[in-house]
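The values are calculated or read from the model by the stated rules, or taken from the named source; none is laboratory data. A quick note: this is a predicted structure, and the numbers were derived from the prediction, not measured. Quick reminder, even Gly has a Cβ in these numbers, built from the backbone with ideal geometry, and neighbours come from all protein chains shown.
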Amino acid sequence: MSEGLYQSGLEDDGLYTPTIKPHSIEKIRIHNYYVALFTTSMRSLWPQRAYLGLYSGPGRARVEGTGEIIETTAMSAFRPRHPFTNYIFVDNDAQCVNALRARIEALDADHDVTLIEADVQEAVPQVIEAMPRFGSGHGLLSFCFIDPFSAALDFDVIRKLGSRYRMDFLILLMLGRDVRTNFAQYLEDPTDTRIGALIDDPHWRDEWLSKGLGRRDLVRFILGKFDAAMTRLGYKAALPGDAHPVRVMGKNVFLYSLVFYSRSDRGRQFWDATRKGADPQMRLDL
């Protein structure tokens, strides 16, 4: 059964199925809506269309509170009417990789899939090796979804991929649950590199302190620094309000931001359409 923009009400297949919070459904809807737009619109323009899922997970999860089993982003990426030509998934949890592999193998159609069991920061050479070769008359357009559990994401991963490929990025930035919660620790410990690695600026503390910024400026500051790092790679700068905040369902508790980057105007149009269309009341035939 399809509920909104994700597959729900699934039977237990006996494979690893972790529990997720209800707010994660919003992330899945947004991912799935964008993927549907991307694959439908790009299929006749690009002969190769690669999907890259970093911190991919096992492809299914059980929703806390209801026990309902739903498809998460990794398996959802196979559902569009016009699928990607290549899929690459990276996760350092063997349970996730093994469950995702079994679920992909159970699909009716054959797909070109590479699964990499490794830390994302260390997996980039394997990702590059798995990516389709491209050249004149044999173009490649890619979409990368980065879904970490914390703010421990090294911007160098994005730089190595974004500078090598024509690749759109949808990235979860854990700015509430991690950065805001632990900011005092990150600020006061000069040896802590988590925020510096995320925003590609090891000297961020100097700017923060020199501007006399406070806690209410934190999310805007991090988003601005991350945006500057992306524009240095040639991506279009984010517009005010581009970042999509996700909060605890039924409460005004900020958890994380979903940010999107593309080098093309069409990518931005897709993101605008996604934010407007990925609504719980809407149904989309993926």
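Here are the numbers for this structure:
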read-out: Hey, Lys225 over 16 Å from Ser150 (Cα atoms), under 18 Å from the mean Cα position of the chain (by Cα) and at pLDDT 95 or above or not; value: no
read-out: Helices (runs of 4 or more DSSP H) completely within segment 184-286 that count 1 or more residues being in contact (Cβ under 8 Å) with a residue 60 or more places away in the chain, in contact with a strand residue (DSSP E or B) (Cβ under 7 Å, 6 or more places away or on another chain) and under 27 Å from Tyr6 (Cα atoms); value: 265-277
